[in-house]
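Here the structure is laid out as structure tokens; the discussion comes afterwards.
The values are calculated or read from the model by the stated rules, or taken from the named source; none is laboratory data. These numbers come from a predicted model, not from an experiment. Cβ coordinates were reconstructed from backbone atoms using ideal geometry, including for glycine residues, and neighbour counts include every protein chain displayed. These accessible areas exclude ligands, DNA and RNA; they are computed on the full protein's heavy atoms, side chains included. Shrake-Rupley method; radii C 1.70, N 1.55, O 1.52, S 1.80 Å.
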Amino acid sequence: MKNKLYVLSAGPGNAAELTPAVREAIAASRAVAAAPRHHHLAAGHPNVLEMRDFKETFERLREELKAGDVSLLVSGDAGIFSLLPLIKKNFPDEDIVVLPGVSSLQSLCAKAGETWQDAVILSGHGRDIPDEKILDAAEHNRSVIFFCDAKKNPAWLCALLDGSGLGGVSAVVGERLGSEEERVRRGAARELAKESFDSLAIALLINDEFSERAPLLPEDSDFIRTEGIPMTHEDVRAVIIAKLRLTPETVLWDVGAGTGSVSIAAAQLCRRVHAVEVNAEAAELVRENAKKFRLHNVKVYESSALAKLAELPKPDAVFIGGSGPELPAILDCVSERGSGIRVVVSAVSLKTSALCTMKLSGNRFAAFDAAQIAVSRIKRVGNAQIWQARNPVTIFSALTRG
């Protein structure tokens with residue numbers, strides 16, 4: 001019979017909150033690995049391995065497994081932001097048994113008198129999480145739970161909210177939950193941003209005035225408009241968004257953003273949008289529309305494309321809606337950023353169509369495609385309704401070869 005590797009949920013850290021099943025597994029194990037702050041949970045066990053270096057600890061556990069069952073204590077509950085994925089990766093052939101426990105998330109929500117079934121759960125604990133992901137969650141959900149660390153601590157989190165117009169969001173911060181030094185503090189984000197906190201902390205954000213997310217494909221009338229600044233209309237915009245094949249992790253460049261209608265529609269689907277617009281009035285319009293739709297993942301640059309693109313992070317997708325004579329050089333710039341970048345260009349003039357056909361069907365790109373959209377909309381003339389045709393738009397798409 002194969003020996004078992006038990007992954008035990010330590011709970012918030014208080015011995016009183018360990019489940020009976022976890023206690024029994026500790027007592028029955030040949031060896032128990034635990035971080036220094038969890039040693040008291042295995043008090044009295046004759047073979048406690050101090051877990052400081054994962055590689056060394058895993059090697060010692062492999063040796064102990066040859067002779068019997070072993071256990072490894074993880075913080076909170078093993079099912080949420082724990083070492084479980086790393087353990088499974090390092091012990092792919094072992095018989096792993098996971099025992100649940102009380103997470104710090106559950107503990108904090110209980111102390112705050114709040115449910116958490118509808119909360120968005122995020123972690124900055126040793127993880128790279130974009131600011132806009134946190135802001136988006138706090139903007140459009142009543143409750144957000146955030147696991148902190150020394151750098152992304154509660155004060156940092158509250159300052160981020162306050163600096164983005166969300167300083168009124170309520171925060172409940174739990175520090176060293178389950179220990180003798182436990183502390184729970186409440187207040188508006190703008191107030192807690194001025195305080196200091198322990199690195200072992202978790203925050204619950206409550207936004208009773210959260211805004212519903214806008215429709216994924218807004219209508220033209222939803223946007224703030226300025227006469228003379230072009231906008232990609234909703235029928236064409238819907239096809240462009242489909243052609244971009246956005247995912248929640250996509251980084252998009254919107255080159256020649258105009259009113260920002262593509263930026264706004266895309267930002268509701270992807271991680272981040274970098275909108276580049278040379279016209280100062282248009283750039284400000286994109287900012288106004290992003291603010292209206294309460295989007296935090298749209299960054300606007302007032303600049304010509306060629307002066308800015310080299311400075312931007314590598315994109316997963318690029319939409320070019322306005323470029324003028326810079327179009328060939330912009331496409332070259334995009335192709336130099338690597339392979340697999342999806343490029344979508346909208347063209348109205350024959351000249352732009354010819355340039356797109358020549359460049360995107362060349363050896364720097366693959367999967368070349370083009371589709372022309374001709375939209376007619378109903379218009380009332382007197383007592384009659386007639387069809388009014390709009391200029392056809394050709395949408396080109398391709399993938400960079402790198």
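Looking at 143, 164, which is the one that is in contact (Cβ under 8 Å) with a residue 60 or more places away in the chain and surrounded by fewer than 19 Cβ atoms within 10 Å (Cβ to Cβ)?
Unique residue meeting the criteria: 164.
Here are some conditions: (1) part of a loop (DSSP other than H, G, I, E, B); (2) out of contact with any strand residue (DSSP E or B) (no Cβ under 8 Å at 6 or more places or on another chain). Residue 307 meets all but one. Which one does it not meet?
(1) is the only condition that residue 307 fails.
Taking the conditions exactly as written (surrounded by 22 or more Cβ atoms within 10 Å (Cβ to Cβ), over 14 Å from residue 276 (Cβ atoms) and in contact with a Gly (Cβ under 8 Å, 6 or more places away or on another chain)), does residue 339 satisfy them or not?
So residue 339 fails the test.
Quick one: would you say residue 330 is in contact with a strand residue (DSSP E or B) (Cβ under 7 Å, 6 or more places away or on another chain), in contact (Cβ under 8 Å) with a residue 60 or more places away in the chain, β-branched (Val, Ile, Thr) and more than 22 Å from residue 233 (Cα to Cα)?
In short, yes.
Need the failing condition index for residue 362 against (1) part of a loop (DSSP other than H, G, I, E, B); (2) open to solvent by 60 Å² or more (accessible area, probe 1.4 Å), just the number.
Every condition holds for residue 362 apart from (2).
Go through (1) of a type in the set (A, V, I, L, M, F, W, C); (2) over 30 Å from residue 297 (Cα atoms); (3) open to solvent by less than 30 Å² (accessible area, probe 1.4 Å); (4) without any contact (Cβ under 8 Å) to a residue 24 or more places away in the chain and name the single condition residue 129 misses.
Here residue 129 meets the rest and fails (2).
Having 3 or more residues that are out of contact with any Gly (no Cβ under 8 Å at 6 or more places or on another chain), crowded, with 19+ Cβ neighbours inside 10 Å and at pLDDT 95 or above is the bar; report the helices (runs of 4 or more DSSP H) wholly within the stretch 221-301 that clear it.
So the answer is 234-244, 261-267.
Return only the number of the condition from (1) open to solvent by less than 50 Å² (accessible area, probe 1.4 Å); (2) assigned to a helix (DSSP H, G or I) that residue 106 does not satisfy.
Failing condition for residue 106: (1).
Before we move on, is residue 59 in contact with a His (Cβ under 8 Å, 6 or more places away or on another chain), surrounded by fewer than 19 Cβ atoms within 10 Å (Cβ to Cβ) and at pLDDT below 95?
no
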